[in-house]
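Step one of this worksheet: look at the structure below.
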Protein chains: 2
Amino acid sequence: MPIPLGRSTFAMNRPPSVLASAAVGGKKEGEDPMAQWFDEIHNDTTFGEKTWEKAESRFQQRACQLALKKAKIAPEQVKLLLAGDLLNQCISSSYGVKELMIPFFGLYGACSTMTEALALASLLGDNGVIDPILAVTSSHFCSAERQFRYPLEYGGQRPPTAQWTATASGAALVGKSSKPPYLKAVTIGTIQDLGVHDINNMGAAMAPAAAATLLTYFADTGTQPHQYDGIFTGDLGQVGSKLFYQLLAQQQVNVTSIHQDCGCLIFDAKTQDVHAGGSGCGCAASMGCGYLMRQLEMGKLHHVLFLATGALMSTVSCQQGCSIPCISHLVYLSTDPTPVFQGG
Amino acid sequence: MPIPLGRSTFAMNRPPSVLASAAVGGKKEGEDPMAQWFDEIHNDTTFGEKTWEKAESRFQQRACQLALKKAKIAPEQVKLLLAGDLLNQCISSSYGVKELMIPFFGLYGACSTMTEALALASLLGDNGVIDPILAVTSSHFCSAERQFRYPLEYGGQRPPTAQWTATASGAALVGKSSKPPYLKAVTIGTIQDLGVHDINNMGAAMAPAAAATLLTYFADTGTQPHQYDGIFTGDLGQVGSKLFYQLLAQQQVNVTSIHQDCGCLIFDAKTQDVHAGGSGCGCAASMGCGYLMRQLEMGKLHHVLFLATGALMSTVSCQQGCSIPCISHLVYLSTDPTPVFQGG
């Protein structure tokens, strides 16, 4: 069973592995710089469906199918599916995964969903009773724009701080194996709300959540940044990443040499006109289940902290003048059976 | 650690208890027949707030506060909070619980959220590592009508199969104790979609999910209805309850003598003009955390299966012609340390 290292940090006693993972992206995501790390690129982002919402469900379904295929595991062998997304009532997930007929817990963590699902899969999978567990999430630029902002046809202007919702999905199958990467520890996030109201500046809203969770993890494990070779946040973008560094600097913590943000990784800011970077559940999910997992599998990274970040507002809460509460959940992925900290 | 009794059914090895639970309701909920089982009734369903959404958050916050107060546990002692609701992006939960500053996993299970949270709390709490865990959800008639149906001012007509969203919240604190009721087993639901499209007939859409989960539980545990003295569904209402009996009868299972539905319990169909009954996350939550838990505490019930049901559609999926996928999660609550089945 998991070993508590603090109120919200747990080391796995028998760390489950990521058995397989897959990332599926749309046309823009399939351009450089990240094209090679997607398992499938769909230049037709409608996926042959008549609506963007149905297309997003298909992306999520496809990511699940690819992860299962890689692991050579049939849907009926999977014990639990953890999924959620940005759409109202999480319909990408419900409609995307229903045909798999896997016991299902729906999650809502906005863009933090991938690490919420991986953290839960770690905690539930540590004892090997629920094994394997499939974790998946997605986002779609067109369904997100329609729901959260303006109809695409309107051609609304976006300020420089705005981020571009990724059309992508990532899925990871978690279970017992002697093969890395291992899910060695998790920190469950606490909602942070520093009073940011600007829905065109999600990076600023989410940076405090990422910083709080990372600082909690370091304090609870007694470790320091230099003991890791990668810290992946998602999706702070360029604006949020700078604020993240500032918040950490206030606590004398510097991660700049090992930090990458999924929102900065997924698009090329110079050529792809995405302003402050990428966002959406599918951004951290596809970067995490594509690029990051491949780096761990190839042995290019060994000790990685992966913390997706989510903004928990809605259009209604914004219209009612509420600030933006945010959250970030962390998972520690390692190629090494021996963790960098004592106790797990 | 939990003992698997089937793919999706788990018996707790060291069953956690419901340490305390509380139910908060609005004016209509505070009339007979259920008034006495609410810890607090708020005749002002605005809760002093300017919007229905903010009012719903306050209901959820208040339910948490009351459950914590009963258990004499401070928010900072709670290890994990599990919450979700019906509003877009689950804002009742995020804004309702953020000030408690408890590590938080957001859930989305529509009206099944209370038993999704209790099932997860059981699985995560079985080994005593994450202890205590607070589970909460809510709904509000006015925020739900605005979001899912018509503006209140419009005065839309409702067909006889329609249900009335409860203005209520329920919270339960789960942790180790020698005091009943114990959470002895869970069955995680699988999405069921039998092709119902009528959003004014949620009972018909959800009945197959409740029946599937209950039949899975009986098959996995090798038990029969007569070994329990209560089976509580929520929220099938009058229409859904009848279909639930029909679906069970096809498998030669009869639960009519011990079955109660939270949607039928919460309002008086004859005097309160709610058509087919109550609904909303807050319905099963308040009936479960109020009426049902009190019956167990008073020893009037001893072996109860509690299975809330959720319809996972959105207004958008309905407008796009999709049928309504549904889910139901089950928890077995008992006053007896010895379960009615082998193995847990």
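The values are calculated or read from the model by the stated rules, or taken from the named source; none is laboratory data. Just so it is clear, the structure is predicted and the values come from calculations on it, not from any experiment. Here the Cβ is made from the backbone with ideal geometry for all residues, glycine too, and neighbour counts use every protein chain on show.
A few points about this structure:
- Once region B:305-330 is narrowed to residues that are at the interface with another protein chain (Cβ under 10 Å from one of its Cβ atoms) and polar (S, T, N, Q), the residue that is surrounded by the fewest Cβ atoms within 10 Å (Cβ to Cβ) is B:Gln319.
- Inclusion of B:Ser334 among residues that are of a type in the set (S, T, N, Q) and within 13 Å of another protein chain (Cβ to nearest Cβ) is not warranted.
- Qualifying residue in region B:62-80 (condition: closer than 24 Å to B:Leu312 by Cα, in contact with a strand residue (DSSP E or B) (Cβ under 7 Å, 6 or more places away or on another chain), buried (at least 24 other Cβ atoms within 10 Å of the Cβ) and not assigned by TED's automatic domain parsing to the domain that holds B:Ser279): no
- Any hit, region B:251-259, residues being buried (at least 24 other Cβ atoms within 10 Å of the Cβ) and either outside the structural domain of B:Met202 (by TED's automatic domain parsing) or touching a helix residue (DSSP H, G or I) at 6+ places or on another chain (Cβ under 8 Å) (or both): no
- Scan of region B:41-62 for residues that are within 18 Å of the chain's Cα centre (by Cα) and either part of a strand (DSSP E or B) or of a type in the set (S, T, N, Q) (or both), ordered by number: B:Ser57, B:Gln60, B:Gln61
- When the helices (runs of 4 or more DSSP H) confined to region B:237-344 are screened for residues that are touching a residue at least 12 places away in the same chain (Cβ under 8 Å), those reaching at least 3 such residues are found at B:237-249, B:262-265, B:281-286, B:293-297.
- Any hit, region A:10-20, residues being over 23 Å from A:Lys184 (Cα atoms), outside the structural domain of A:Ala212 (by TED's automatic domain parsing) and surrounded by fewer than 24 Cβ atoms within 10 Å (Cβ to Cβ): no
- Residues of region A:147-165 that turn out to be assigned to a loop (DSSP other than H, G, I, E, B) and more than 10 Å from A:Val274 (Cα to Cα), as a count: 7
- Which listed residue, of A:Gln89, A:Gln36, A:Gln65, is at the interface with chain B (Cβ under 9 Å from one of its Cβ atoms) and either touching a helix residue (DSSP H, G or I) at 6+ places or on another chain (Cβ under 7 Å) or not in a strand (DSSP E or B) (or both): A:Gln89
- Top-ranked residue of region A:94-114 - restricted to ones that are among the aliphatic types (A, V, I, L, M) and closer than 22 Å to B:Ser94 by Cα, ranked as farthest from the other protein chains (Cβ to nearest Cβ): A:Met114
- Inspection of region B:2-16 identifies no residue that is of a type in the set (Gly, Ala, Ser), more than 11 Å from chain A (Cβ to nearest Cβ), in contact with a Gly (Cβ under 6 Å, 6 or more places away or on another chain) and not in a loop (DSSP other than H, G, I, E, B).
- Only one entry in B:Gly156, B:Gly106, B:Gly125 is without any contact (Cβ under 8 Å) to a residue 40 or more places away in the chain, buried (at least 24 other Cβ atoms within 10 Å of the Cβ) and within 30 Å of B:Gln192 (Cβ to Cβ), namely B:Gly106.
- Take the conditions (1) in the same structural domain as A:Leu301 (by TED's automatic domain parsing); (2) in contact with a Pro (Cβ under 7 Å, 6 or more places away or on another chain); A:Val186 misses just one of them, which is (2).
- For region B:128-136, the criterion of a residue being surrounded by fewer than 24 Cβ atoms within 10 Å (Cβ to Cβ) and either closer than 29 Å to B:Ala207 by Cβ or at pLDDT 95 or above (or both) is satisfied by at least one position.
- Check on A:Asp39, free of Cβ contacts under 8 Å to residues at least 24 places away in the same chain and out of contact with any Gly (no Cβ under 6 Å at 6 or more places or on another chain): no
- Answer from B:Ala212, B:Ala185 - the residue that is surrounded by fewer than 24 Cβ atoms within 10 Å (Cβ to Cβ) and in contact with a strand residue (DSSP E or B) (Cβ under 6 Å, 6 or more places away or on another chain): B:Ala212
- Test: B:Leu19 is touching a Leu at 6+ places or on another chain (Cβ under 7 Å), over 30 Å from A:Pro132 (Cβ atoms) and of a type in the set (A, V, I, L, M): yes
- Residue in region B:76-85 that is in contact with a Ser or Thr (Cβ under 9 Å, 6 or more places away or on another chain) and in contact (Cβ under 8 Å) with a residue 60 or more places away in the chain present: yes
- In region A:92-128, of all residues being assigned to a helix (DSSP H, G or I) and among the hydroxyl-bearing types (Ser, Thr, Tyr), the one that is farthest from A:Ile188 (Cα to Cα) corresponds to A:Tyr95.
- Scope region A:256-291; condition over 11 Å from the mean Cα position of the chain (by Cα) and either at positive phi or of a type in the set (A, V, I, L, M) (or both); matching residues: A:Ile258, A:Leu265, A:Ile266, A:Ala269, A:Asp273, A:Val274, A:His275, A:Ala276, A:Gly277
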